[in-house]
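Here's the structure, in structure tokens; my notes come after.
The values are calculated or read from the model by the stated rules, or taken from the named source; none is laboratory data. Since the structure is predicted, the reported quantities are computational estimates derived from the model, not experimental observations. Because the Cβ atoms are built from the backbone with ideal geometry, glycine has one as well, and the counts that use them run over all protein chains shown.
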Amino acid sequence: MQRIITTPRTNWQQKVEEIGFGFHSLDSLYWDESVYYEFKLKEIEAIEKATNELWDLCLEAVQYVIDKKIYNRFHIPQWFVPQIEESWNNDAPAIYGRFDFSMRDGIPKLLEFNADTPTSLFEASVVQWHWLQDTNPNKDQFNSIHEKLIAYWSYLKEYLHYHTLHFTAIKDNLEDFTTSEYMRDCAIQAGYHTKFIDLMDIGWNTDYLEFRDLEELPIKNIFKLYPYEWLLHEEFGNHLRPDRNKCFWIEPSWKMILSNKAILPILWQLNKGHENLLPTFSEYEKSSIGFNFAKKPILSREGANIQLFENGKMISETMGDYGEEGFIYQELCTLPEFNGNYPLIGSWVIGQEAAGIGIRETSTLITDNLSRFVPHLIK
């Protein structure tokens, strides 16, 4: 794995905007093609293998949580547990997720799993692929995300209600809206009739006990780019159980277990010694962690409220509004350094299979909302 300095394409801003990538430079430079990462094939094979294995282990961990009914560790409201168990027992399929790896000595180490509303999908799937075709058309890239998304949307037809497939996000959030629209485009290519509706415009009909769109049509299938843990703390969430249409939500509610960092201690407990897992412990087990560790909220986003400790002293910290629900303690595995830059590998699982990677790079040890997305290729 090498970091290569290169020359950005002429008028690169216009090129990425032409394919629908409008948030390349909102608060600061986000899309950065002045560098790229080059991988050996064996490194890509190691990432692919780890992604496939960890996905299988995650499914086993969900079953463990449900069997043991340890939802309290995840701060999941008891009233929503039947919804989760129903979606799991009905084999409600999941489309995607992103494993975040630190890659050292050719071995990917899992830092966390973004299972419910993972971002950087469009960048990993489409934007970096166009970069590759313009700059290194004879090279390859670990990237079959687009093809796998379309194929899996096709597969999902047998599970969904025979009805319009709605897509929702906060429209004013350009990143979320773009990701949602990209997923909608993949669904259209798979043959769906779709509609976008702003999350704030979804209505609840108290007479018919169903969600409705702005045209008063029932919502029976919907892809949401909005976290379950936020949804359940709003009045809107109270309608998920009584919905008479039993709307098919994507992702399914059982993904709420995997999107919570409380799953990491359970993964370690069930698979101690796995080369892609780090020793990780709950609040009750933290005395087992030693002096080098990362303290992470079980619910947080964009690297907020994380503290890194080395020899018992804090070496890095991010601020934020998370932590109320508790923390997990993970053996410290810092990101590799390339001249003051730290790359985090996001490995995508699409429809049960490893599908490609995207890389976010920062100048700090913790990947946060100021990270840059940089492309990659295979040597």
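What's the total number of residues in region 303-358 that are part of a strand (DSSP E or B), of a type in the set (A, V, I, L, M), out of contact with any helix residue (DSSP H, G or I) (no Cβ under 7 Å at 6 or more places or on another chain) and in contact (Cβ under 8 Å) with a residue 24 or more places away in the chain? Let's see the steps before the verdict.
Residues of region 303-358 that are part of a strand (DSSP E or B), as a first pass: 307-310, 313-317, 327-331, 338, 341-350, 353-358.
Add one more test, that the residue is of a type in the set (A, V, I, L, M), and what stays is 308, 314-315, 328, 344-345, 349-350, 354-355, 357.
Applying the additional criterion that residues be out of contact with any helix residue (DSSP H, G or I) (no Cβ under 7 Å at 6 or more places or on another chain) yields 308, 314-315, 344.
Imposing the further condition that a residue be in contact (Cβ under 8 Å) with a residue 24 or more places away in the chain reduces the set to 308, 315, 344.
Qualifying residue count, region 303-358: 3.
Tallying residues that are modelled with pLDDT of 95 or more and assigned to a loop (DSSP other than H, G, I, E, B) within region 293-302 yields 1. Only residues that are in a loop (DSSP other than H, G, I, E, B) and surrounded by fewer than 22 Cβ atoms within 10 Å (Cβ to Cβ) were counted across region 95-116, and they come to 2.
Please pick out the residue among N245, N173, N271 that is out of contact with any helix residue (DSSP H, G or I) (no Cβ under 9 Å at 6 or more places or on another chain) and touching a residue at least 60 places away in the same chain (Cβ under 8 Å).
Values: N173 fails: touching a residue at least 60 places away in the same chain (Cβ under 8 Å); N271 fails: out of contact with any helix residue (DSSP H, G or I) (no Cβ under 9 Å at 6 or more places or on another chain).
Going through N245, N173, N271 in turn, the sole match is N245.
The condition of being over 29 Å from G323 (Cα atoms), surrounded by fewer than 18 Cβ atoms within 10 Å (Cβ to Cβ), polar (S, T, N, Q) and at pLDDT below 95 holds for only one of S34, S25, that being S25.
Determine whether L278 is surrounded by fewer than 20 Cβ atoms within 10 Å (Cβ to Cβ) and modelled with pLDDT under 95. No, not satisfied. Within region 84-109, the set of residues being out of contact with any strand residue (DSSP E or B) (no Cβ under 6 Å at 6 or more places or on another chain), modelled with pLDDT of 95 or more and over 20 Å from L231 (Cβ atoms) comprises N89, I107. Taken residue by residue, region 319-326 has no member that is under 20 Å from the mean Cα position of the chain (by Cα), surrounded by 21 or more Cβ atoms within 10 Å (Cβ to Cβ) and at negative phi. Of all residues in region 137-165, those that are within 17 Å of V349 (Cβ to Cβ) and of a type in the set (G, A, S) total 2.
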